[in-house]
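Asks: Okay, handing you the structure first.
The values are calculated or read from the model by the stated rules, or taken from the named source; none is laboratory data. As the structure is a prediction and not an experimental result, all values here were calculated from the model. Here Cβ is always computed from backbone atoms with ideal geometry, including for glycine, and neighbour counts include all displayed protein chains.
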Amino acid sequence: METTTYRDFWNRQASSPESAISAVDGSQSEDVVRHTGRWSAAQTLAALNISRSDDVLELGCGIGRIGRELAPHCGSWTGVDISENMIRYAGERMAHLDNVHFHQLERSDLAMLDDNQFDKAYSIAVFCHMDKEDLYLYLRELDRVVRPGGAIFVETWNLAHPIGWRRWAFEPLVWSRADQSQRKDVARNQFCTAEEFELYVSHAGFETLANFNESQSVQIVAGKELDAAQHASWLAHIEKNRDEIAYSALYAELFAQSVDVLFGTMPPAEMLSYIDGLGDTSEAALFRPYLLSLWEKNAELWGPIPGQKEG
Ligand SMILES: C[S@@+](CC[C@H](N)C(=O)[O-])C[C@H]1O[C@@H](n2cnc3c(N)ncnc32)[C@H](O)[C@@H]1O
């Protein structure tokens, strides 16, 4: 079916709670989405030095995968998204929190939000699903709604890293097999080099404080109108917390393997045995349940999970 707008696409992805979970982290499992949400929330907390007095904005909040875990650490948390179905599920998943607000977006602007309304803003796994014009318009809007002295944490796919390239290589492969009389999917995965992403961020008005790009993703922390003391203090904070913010090499390797498994170029058993050999690492604790949830979803194709009874 042809999808002409971001909104149609993401509403269709979020046509049921299960498909909405699958659209945000691929898993279809509430347990796994909480686990991946805690991981991304920890990176965001560290990147933005979030405290209970901060008003925080998430652009493209989806079902609140990150927001559900992050909002308890904020003064207020606001989630905006193009899809009303995503926002509805986010509202249900975050109904127990009293400091959260939602807005559905109509287009690539944040017209319902005031100038300088937020201390901090972030967007994860969103800019990689839109055209560069929209990415830039949203960055300019983030610059409008974040207060001077505040900061943003944004990420997208990293074209220039070998694992980012490996992920990108699936896109032309899929397109080469598609019906090319149709337009390309509006929400298809799009990629930037670290330099290109930073260019959009800086032209939007921000000053880059960190550009982490040793993984499948480019992750940028950038400040708005920082004075010298604020600038120094942000740099010191980021330096101290870089391991909490940036994806590790092991994370990137496991990410690459999960893509290979999903695209059928690596047997899931091979990835499971690699994970089992890692021992007690936080990356193994994240990717093991993730892989098993994918395997359960694809059991017909991949066969039974070792050690689990069939049927
Ligand atoms: C892969 S999901 C990620 C959701 C969330 N950031 C997370 O990490 O769990 C992408 C989200 O971005 C939203 N989105 C996609 N294109 C958008 C656009 N042009 N404007 C605003 N939101 C958009 C989708 O509706 C979806 O909720």
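Asks: State yes or no: is G62 at positive phi and buried (at least 16 other Cβ atoms within 10 Å of the Cβ)?
Replies: yes
Asks: Under 6 Å between Cβ atoms, which residue pairs at least 6 apart in sequence (or on different chains) link something in the stretch 33-50 that is modelled with pLDDT of 95 or more with a partner that is of a type in the set (D, E) and in a helix (DSSP H, G or I)?
Replies: V33/D25; T36/D25; G37/E69; R38/E69; A41/E69; A46/E244
Asks: With the requirement that a residue be away from the ligand (no atom under 16 Å from the Cβ) and part of a helix (DSSP H, G or I), what does the stretch 104-143 give you?
Replies: D143
Asks: Check A23 against each of (1) touching a helix residue (DSSP H, G or I) at 6+ places or on another chain (Cβ under 8 Å); (2) under 29 Å from E296 (Cβ atoms); (3) surrounded by fewer than 21 Cβ atoms within 10 Å (Cβ to Cβ) and name the one condition it does not meet.
Replies: That leaves (3) as the condition not met.
Asks: From (1) under 27 Å from L45 (Cβ atoms); (2) under 19 Å from the mean Cα position of the chain (by Cα), pick out the condition that doesn't hold for W165.
Replies: Going through the list (1) under 27 Å from L45 (Cβ atoms); (2) under 19 Å from the mean Cα position of the chain (by Cα), W165 breaks only (1).
Asks: Right, another one. Has the stretch 75-90 got at least one residue that is away from the ligand (no atom under 13 Å from the Cβ), under 17 Å from the mean Cα position of the chain (by Cα) and either part of a helix (DSSP H, G or I) or surrounded by fewer than 23 Cβ atoms within 10 Å (Cβ to Cβ) (or both)?
Replies: No; the residues of the stretch 75-90 include none that is away from the ligand (no atom under 13 Å from the Cβ), under 17 Å from the mean Cα position of the chain (by Cα) and either part of a helix (DSSP H, G or I) or surrounded by fewer than 23 Cβ atoms within 10 Å (Cβ to Cβ) (or both).
Asks: Just checking, which of T265, T281 is surrounded by fewer than 12 Cβ atoms within 10 Å (Cβ to Cβ) and among the polar types (S, T, N, Q)?
Replies: Numbers: T281 fails: surrounded by fewer than 12 Cβ atoms within 10 Å (Cβ to Cβ).
Unique residue meeting the criteria: T265.
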